[in-house]
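Please read the structure below before turning to the comments.
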Amino acid sequence: MSDTPFGTPPARCQTRAGGRLNWLEDAACRGLDTELFFPAGPKGPGRRQADEAKAVCRMCPVRRQCASWALVTAQQYGIWGGMDEEERVVAHRRGRLSTRENGPARMKGTDAQ
Ligand code: SF4
C-alpha cells in the first residue's frame, strides 16, 4: 500500500508550485485505487463507481478542504470532496450567486455602522 493518498500521487496531491497538500495525509481515500475516483462515465458501472467513491468521501475528515481545493483549482474530472464534475459546476455557480447575494447585505451592514 502506498503511503500517499490515491496511490502514486502525480498532480493530484501537489499544488501547481509543487508543494504538498498536507490535508491529504488525513484523506479517507489514502491508499485506495485512484481509478475509483475517476469513473468511466455517468451511467452503468461508472455510476456505481462514482457512488462508491462518494461513499468514501462522506466519511472523509478533510472533505471540505478537498471540495474547496477542487473548486478553487477548477478540477475538471473525477470525484473530489464527494462531488462529481456536474456537482462542482453547480457548487461553483451557487458560490458565485451567494457572493452576489451577500454583497448588498454586507453593504447595508456597513452603512448602519
Ligand atoms: S473528500 Fe474524497 S477525494 Fe477528497 S480527500 Fe476525502 S476521500 Fe479523497
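Here are some notes:
- Region 33-53: number of residues that are touching a helix residue (DSSP H, G or I) at 6+ places or on another chain (Cβ under 9 Å), more than 8 Å from the ligand (Cβ to nearest atom) and not small (Gly, Ala, Ser): 8
- Pairs linking a residue in region 58-85 that is within 6 Å of the ligand (Cβ to nearest atom) and open to solvent by less than 70 Å² (accessible area, probe 1.4 Å) to a residue that is part of a helix (DSSP H, G or I) and of a type in the set (Ser, Thr, Tyr), with Cβ atoms under 8 Å and 6 or more positions apart or on different chains, are Gly81/Ser68.
The values are calculated or read from the model by the stated rules, or taken from the named source; none is laboratory data. Since the model is a prediction, treat every value here as computed from it, not as a measurement. Glycine gets a Cβ as well: all are built from the backbone with ideal geometry, and neighbour counts include every protein chain shown. These area figures cover heavy atoms from the full protein model, side chains too; ligands, DNA and RNA do not enter into them. Shrake-Rupley method; radii C 1.70, N 1.55, O 1.52, S 1.80 Å.
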